[in-house]
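One structure is given below, encoded as structure tokens.
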Amino acid sequence: MSAALRPPSGSPHARLWGIGSYRPARVVANAELVEAIDSSDEWIQQRTGIRERRFASPEETVQMMSVAASRQALERAGVDARQIDCVVVATVSHLLQTPAVATAIAHELGTDQAAAFDISAACAGFCHGISLAADMVRGGSARHVLVIGVERLSDITDLTDRGTAFIFADGAGAAVVGPSDEPGIGPVVWGSDGEQFDLIRTREDWRDVLAADAPVMPHLVMQGSAVFRWASFTMAKVGLQALDRAGVAPDQLDCFVPHQANMRITDAMARAMKLPETVRIARDIAEQGNTSAASIPLALDRMLAEGDARSGDTALLIAFGAGLAYAAQVVTVP
Ligand code: COA
């Protein structure tokens, strides 16, 4: 007869304990990019809402930006690095294939050999990480989890490509997820549509790059209008499902923090979801561009700093991108 195993047991609920972020120092205005793509500041602002973005310097590595954002999140959460049981890093732009950058970050932060791994869910990565972290805390495999969204997309963006050069940018955000007496992270609504795998992707895989006569970095390519249509309409339904599953009516929502892909997508989603005017909407994209996995914690941290979000607010997070992968959940703002 097999031995009876003791079941895992965690906290009844999980919540965000604190968030932090890091913005690279160098501001890159549209004017700096337009010549190489025969575009204009006006066109970029009108189509995307982006006025400027940040590009990381060589010293502002994925690890460096992650550690800076994480230290801020830990301090605000009142959690020591040694209390972190797991570090989850969402990124597609850490260019060393293995090991996971999460392991180096866990070490540099001074965790006690926390479990650490990277996840690849592109722009949806941060919300995937929050969902995993909440389940770990509730399931008993971790008490405190550090979730990081970080990108150096400038490394994999072709600055001569008219369809992407003005969109992508760099930065990092982090959140500490821990135990709670009350639900602070609602049920996730997530999924993927691999039929549209090619809509946003890196152009080649590494073997194709090496086989080329003049190897170049595999850059991001995107079928912009198809992505625009998918995100604007399908994602609004996902957002409404996340509200419904959390038992939150649109008029009970304080903040809407979508992935900062494009200001027009944000506006289209808010309209399709019929969000009341009282809901404060994250619009960090204007100054930060699209930082993929980092965009939601960057945007939420800024809303907190500027008083557009307050501790205890109810916020809808929704992230979407390459894959096409998506994830949404309602959270209580830390
Ligand atoms: N600057 C100036 N003009 C440009 C341009 C640029 N960078 N890129 C395209 N154009 C022109 C085209 O030549 C075309 O001109 P025409 O009408 O005279 O033929 C016109 O703009 C429309 O081209 P199109 O490729 O259909 O652009 P678009 O309207 O779809 O806009 C995006 C392009 C990328 C701004 C838009 O598709 C978009 O925002 N998509 C979503 C992208 C996104 O958010 N991705 C992240 C998801 S995680």
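Laboratory data are not the source of any read-out in this text; all were calculated from the coordinates shown. Keep in mind that this is a model prediction, so the values were computed, not measured. Don't worry about glycine lacking a Cβ; one is built from the backbone with ideal geometry, like all the others, and counts go over all protein chains shown.
Counting other beta carbons within 10 Å of each residue's own, what order do 206, 43 fall into, fewest first?
Details: 206 11, 43 14.
By the 10 Å Cβ count, ascending, the order reads 206, 43.
Quick one: compute the contact order of region 13-180, relative version, from alpha carbon pairs under 8 angstrom and 6+ residues apart, as a percent. It would help to have the intermediate numbers written out before the result.
Numbers: 380 pairs, mean separation 59.1, N = 168.
Across region 13-180, relative contact order equals 35 percent.
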ask   = What net charge is computed for the residues neighbouring residue 124, neighbours being all others with C-beta under 13 Å from the C-beta of residue 124, Lys and Arg scored +1, Asp and Glu -1?
value = -2
query = Say each of residue 27 and residue 211 gets a label point 7 Å from the Cα, pointing the same way as Cα to Cβ; how far apart are those two points in nm?
reply = 4.6 nm
request  = Could you compute the FRET efficiency for residue 38 and residue 225, with r as their C-beta to C-beta distance and R0 at 22 Å, rounded to 0.05?
outcome  = 0.75
note = Taking max minus min of the Cα coordinates of region 189-332 on each principal axis, largest first, gives extents in Å of 57, 31, 22
message = Relative contact order for the chain: what percent, with Cα pairs under 8 Å and sequence separation of 6 or more?
response = 25 percent
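How much net charge surrounds residue 226 when only other residues with a Cβ under 12 Å from its Cβ are counted (Lys, Arg +1; Asp, Glu -1)?
-2
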request  = Give me Rg over Rh for region 13-180, both radii from the alpha carbons and Rh done the Kirkwood way, two decimal places.
outcome  = 1.04
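What is the packing order of peptides 221-228, 103-110, taking the mean over residues of other C-beta atoms within 10 Å and listing the highest first? Spell out each step's value before the answer.
Working: 221-228: 16.2, 103-110: 19.1.
Result, highest mean Cβ count within 10 Å first: 103-110, 221-228.
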request  = Give me the angle, in degrees from 0 to 90, between the Cα long axis of helix 62-77 and the longest principal axis of the Cα atoms of the chain, rounded to the nearest 10.
outcome  = 40 degrees
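At 37 °C and 0.692 mPa s, grab the translational diffusion coefficient of the chain from Stokes-Einstein with a Kirkwood Rh over Cα pairs, rounded to a whole number in µm² per second. It would help to have the intermediate numbers written out before the result.
On the way: Rh = 19.9 Å.
The Stokes-Einstein estimate is 165 µm²/s.
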task = Report the full-extension gain for the segment residue 2 to residue 112: residue separation times 0.36 nm, less the Cα-Cα distance, to one decimal in nm.
result = 36.3 nm
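For residue 95 and residue 9, what does the FRET efficiency come to when R0 = 41 Å and r is the distance between their Cβ atoms, rounded to the nearest 0.05? Please list the in-between numbers first.
Values: r = 40 Å, r/R0 = 0.97.
Using R0 = 41 Å, I get an efficiency of 0.55.
For residue 271 and residue 252 in one chain, what is 0.36 nm times their gap in residues minus the Cα-Cα distance, to one decimal in nm? All intermediate terms of the calculation are to be shown ahead of the outcome.
Values: separation 19, 0.36 × 19 = 6.84 nm, distance 1.64 nm.
Difference between extended and current length: 5.2 nm.
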inquiry  = Going by average Cβ density within 10 Å per residue, which order do the peptides 5-16, 115-126, 163-174 take, highest to lowest?
reply    = 163-174, 115-126, 5-16
